[in-house]
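A short worksheet on the structure shown next.
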Amino acid sequence: MLVKTYCAAVMGLEATVVTIEVSMARGVLFHLTGLADTAVRESHDRIVAALQNNGFKFPVADITVNMAPADIRKEGSGYDLPLAIAILAACDKVESDKLGDYMLIGELGLDGSLQPVRGALPIAIKARAEKFKGLIVPKQNIREAAVVNNIDVYGMDSIMDVVRFFNGEASYEPTVIDTRREFYEHQTHFELDFADVKGQENVKRALEVAAAGGHNLIMIGPPGSGKSMMAKRLPSILPPLSLAESLETTQIHSVAGKLSRDTSLITQRPFRAPHHTISQTALVGGGTNPQPGEISLAHNGVLFADELPEFSRSVLEVMRQPLEDRKITIARVKYTIEYPCSFMFVASMNPCPCGYYGDPTHKCVCSPGQIQRYMNRISGPMLDRIDIQCEISPIPFSDLSQAQQGEPSSAIRERVIAARKIQEERFRSHKHIHCNAQMTERMIHQYAEPDTESLDMLRLAMERLHLSARAYSRILKVARTIADLEGSQNVQLQHISEAIGYRQLDRGDWAERGM
């Protein structure tokens with residue numbers, strides 16, 4: 001008897017329908033074809049134990065299983081459930097008349113319980129696109145899969161629930177999630193708030209400008225000056241995710257297996273802070289079974305690199321292209337996968353090895369050569385991709401001891417949202433351009449061209465402060481954002497002046513100070 005069930009293989013963020021064909025004849029052998037990896041081949045042992053522990057006898061027959069299309073590699077344990085149901089249907093233990101209407105995914109425990117799998121959301125999207133009536137997933141995956149509407153999604157605890165479902169022995173209701181209510185309900189709840197930050201008004205302003213224009217930012221200052229504290233609060237002032245951005249972000253985290261059981265949609269912008277010992281593969285993605293890296297998990301959010309010079313130089317260099325292209329392509333001999341990675345890059349670092357160069361309250365014990373070598377750990381091309389560079393000084397005791405709270409994140413966020421709306425209207429006719437940080441050189445001349453007075457000041461600043469030519473376009477982009485925060489149609493002198501102040505760590509200027 002020939003029986004077919006349906007599941008899906010996830011490659012990158014896309015799913016491909018996989019048809020599992022089971023044919024039984026006289027004999028005692030088990031054949032599995034279709035380019036299956038070790039985890040899929042081991043499913044035979046899990047299925048045998050699961051069936052025996054639930055009162056079924058594994059058929060004594062010559063069983064041939066084909067997983068089509070045969071030229072796509074099948075990886076992971078999510079094929080256990082459709083394989084087991086197909087085998088039971090082939091020996092008349094499960095009614096097969098409804099199998100073609102449903103897609104199934106799930107890993108089997110030896111007791112027959114269903115364990116969660118990765119990629120339930122893109123699989124649900126594919127099932128709807130292919131006009132399947134429903135999708136059966138482990139109960140732990142139900143919330144992320146049920147985000148997809150116009151398809152019945154059932155969460156099951158064990159293989160026996162699935163058998164009863166197809167045999168009509170029990171009635172199950174599909175899970176329904178009000179996607180829009182879930183999305184808007186949790187958008188404004190943040191655990192961290194800028195109201196907790198006392199002093200550091202200049203750095204708060206730099207973070208506001210960075211959030212308003214989507215600019216990359218680096219903070220440099222002595223230990224304990226509040227760099228990490230303020231960086232962690234940056235998501236609370238970023239504009240809220242759109243529903244499309246939320247679905248795309250959730251899809252990436254679903255593929256990576258990073259969604260918790262109670263999560264249906266990611267409603268707040270991600271904040272990823274990898275340790276400086278991270279490898280290149282963990283940062284950009286890839287591996288034997290390709291998975292999204294930290295830069296993709298930070299998509300539509302923030303990637304924070306604390307103690308930037310401590311990261312391996314080779315690790316930092318692989319970020320250069322993704323920072324410009326806002327996508328990462330992982331190419332292997334047999335496949336090519338593309339993950340999105342449009343994120344704000346925020347970094348912090350000490351000014352020198354001992355950490356106290358330029359600190360008025362502590363004496364620096366580093367020589368000029370040590371400071372220079374420490375700064376040289378960050379390459380010029382990498383620093384070139386950071387629009388805003390600001391120094392942080394320790395908070396005076398008089399500010400630290402004040403009981404009055406700082407400006408709350410909600411107030412800052414309102415100004416950021418207003419500036420982003422101006423940019424959305426400006427770039428409406430430009431595809432894939434949403435904020436000032438993404439402007440091309442041609443767009444800079446079109447939307448951020450300074451007047452004669454401002455241009456003269458910029459030329460003077462570049463000569464006196466030894467700013468590099470690469471700083472020119474960065475200053476204009478930031479100046480355009482500052483003008484948007486003020487609601488100004490044109491870039492004016494004061495906007496250029498503030499933007500120049502955010503090039504404090506330009507390598508030429510810093511090298512002179514360090515010697």
Subject >> Stokes-Einstein diffusion coefficient of the chain, Kirkwood radius over Cα pairs, 20 °C, 1.002 mPa s, in µm²/s >> reply: 83
Original post:
When the chain is fully extended, how far beyond the present Cα-Cα distance does LEU455 get from GLU169, taking 0.36 nm per residue of separation?
Top reply: 95.1 nm
Original post:
Give me the Kirkwood hydrodynamic radius of segment 152-242 in Å, from all C-alpha pairs, to one decimal place?
Top reply: 17.5
**OP:** Rank these residues by their accessible area, most exposed first, probe 1.4 Å: LYS98, LYS232, LYS477.
**Re:** LYS232, LYS98, LYS477
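Could you please state how large a percent of the accessible area of the chain is carbon and sulfur, counting protein chains only and using a 1.4 Å probe? It would help to have the intermediate numbers written out before the result.
Details: 11070 of 22840 Å².
Carbon plus sulfur share of accessible area: 48 percent.
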Subject >> Extension gain (nm, one decimal) between ARG326 and ASN54, 0.36 nm per residue minus Cα-Cα >> reply: 93.0 nm
Subject >> Anisotropy class of segment 199-250 from Cα gyration tensor, a/c 1.5 cut >> reply: prolate
**OP:** Could you tell me which of PRO82, SER379, ILE136 has its Cα farthest along the dipole of the chain towards the positive end, charges placed at Cβ (Lys, Arg +1; Asp, Glu -1), taken about the Cα centre?
**Re:** SER379
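Among DSSP beta bridges whose residues both lie in segment 1-154, state the antiparallel percentage, nearest 5. Write out the running numbers ahead of the final one.
Details: 19 of 31 bridges.
Beta bridges within segment 1-154, antiparallel portion: roughly 60 percent.
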Subject >> GLN115 versus THR16: modelled label distance in nm, points set 7 Å from Cα along the beta carbon direction >> reply: 2.6
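Using 1/(1 + (r/R0)^6) with R0 = 45 angstrom and r between the beta carbons of ARG41 and ILE417, what's the FRET efficiency to the nearest 0.05? Each step should come with its number before you reach the end.
Working: r = 52 Å, r/R0 = 1.16.
Here the calculated transfer efficiency is 0.30.
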Subject >> Top positive-direction residue, dipole computed over segment 160-213 with Cβ charges, set PHE165, PHE190, VAL176 >> reply: PHE190
Subject >> Rough spin-label spacing in nm, given labels placed 7 Å along Cα→Cβ, for MET1 and GLU95 >> reply: 1.4
**OP:** Provide the per residue accessible area, probe 1.4 Å, for the chain, rounded to a whole number of square angstrom.
**Re:** 44
**OP:** Enumerate the lysines that LYS204 could reach by cross-link, defined here as Cα to Cα under 25 Å, with residues fewer than 8 away along the same chain left out.
**Re:** LYS227, LYS232, LYS421, LYS477
Original post:
Ranked highest first by the average count of other Cβ atoms within 10 Å around their residues, in what order do 176-186, 355-365 fall?
Top reply: 355-365, 176-186
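What is the magnitude of the charge dipole of segment 232-322 about its Cα centre, with +1 placed on the Cβ of each Lys and Arg, -1 on the Cβ of each Asp and Glu, and no other charges, expressed in debye to the nearest 20? Can you show the working numbers first?
On the way: 8 positive and 8 negative charges, 22 e Å.
The dipole magnitude comes to about 100 debye.
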**OP:** Show which lysines lie in cross-link reach of LYS57 when reach means a straight Cα distance below 18 angstrom and same-chain residues fewer than eight apart are skipped.
**Re:** LYS93
**OP:** Evaluate the distance, in nm, between pseudo-label points positioned 7 Å from the Cα of TYR472 and of ARG377 along their respective Cα→Cβ axes.
**Re:** 3.3
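Counting Lys and Arg as +1 and Asp and Glu as -1, each charge on the Cβ, what is the dipole of segment 1-132 about the Cα centre in debye, to the nearest 20? Write out the running numbers ahead of the final one.
Numbers: 13 positive and 16 negative charges, 22 e Å.
Around 100 debye, computed over segment 1-132.
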**OP:** Would you kindly find the accessible area of PHE271, with a 1.4 Å probe and non-protein molecules such as ligands, DNA and RNA excluded, rounding to the nearest 10 Å²?
**Re:** 60
**OP:** Any chance you could list P(r) for segment 14-136, counting all Cα-Cα pairs in 5 angstrom bins from zero, rounded to whole %?
**Re:** 2, 11, 21, 25, 23, 13, 4, 1
**OP:** Compute all pairwise cysteine Cβ distances in the chain, then list the cysteines with no distance under 4.7 Å to another cysteine.
**Re:** CYS7, CYS91, CYS341, CYS354, CYS364, CYS390, CYS435
**OP:** Could you tell me how many degrees, from 0 to 90 and to the nearest 10, lie between the Cα long axis of helix 243-255 and the main elongation axis, the longest principal axis, of the Cα atoms of the chain?
**Re:** 60
Original post:
How would you rank 212-224, 107-119, highest first, on the average number of other Cβ atoms within 10 Å across their residues?
Top reply: 212-224, 107-119
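May I ask what percent, to the nearest 5, of DSSP beta bridges between residues of the chain are antiparallel?
On the way: 27 of 56 bridges.
Beta bridges within the chain, antiparallel portion: roughly 50 percent.
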**OP:** Assign unit charges at the C-beta atoms only (+1 for Lys and Arg, -1 for Asp and Glu), then state the dipole size of the chain relative to its Cα centre in Debye, rounded to the nearest 20.
**Re:** 680
Original post:
Using Cα atoms only, what is the angle between the long axis of helix 43-52 and the major principal axis of the chain, expressed in degrees (0 to 90) to the nearest 10?
Top reply: 50
Original post:
With axes computed from alpha carbons, what is the tilt in degrees of helix 470-486 against the longest principal axis of the chain, rounded to the nearest 10 within 0 to 90?
Top reply: 90
Original post:
So what are the ³J(HN,Hα) numbers for segment 162-177, from phi and the Karplus equation (6.51, -1.76, 1.60; θ = phi - 60°), rounded to whole Hz, Gly and Pro as x?
Top reply: 5, 4, 5, 4, 6, 8, x, 7, 8, 9, 10, 9, x, 7, 10, 10
**OP:** Return the whole-Å distance between the Cα centroid of segment 137-151 and the Cα centroid of segment 1-71.
**Re:** 23
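The values are calculated or read from the model by the stated rules, or taken from the named source; none is laboratory data. Remember, it's a predicted structure, so these values are computed and weren't measured experimentally. Cβ atoms come from the backbone with ideal geometry, glycine included; neighbour counts cover every protein chain shown. Each accessible area value is taken on the protein alone, full model and side chains, heavy atoms only, with ligands, DNA and RNA left out. Shrake-Rupley method; radii C 1.70, N 1.55, O 1.52, S 1.80 Å.
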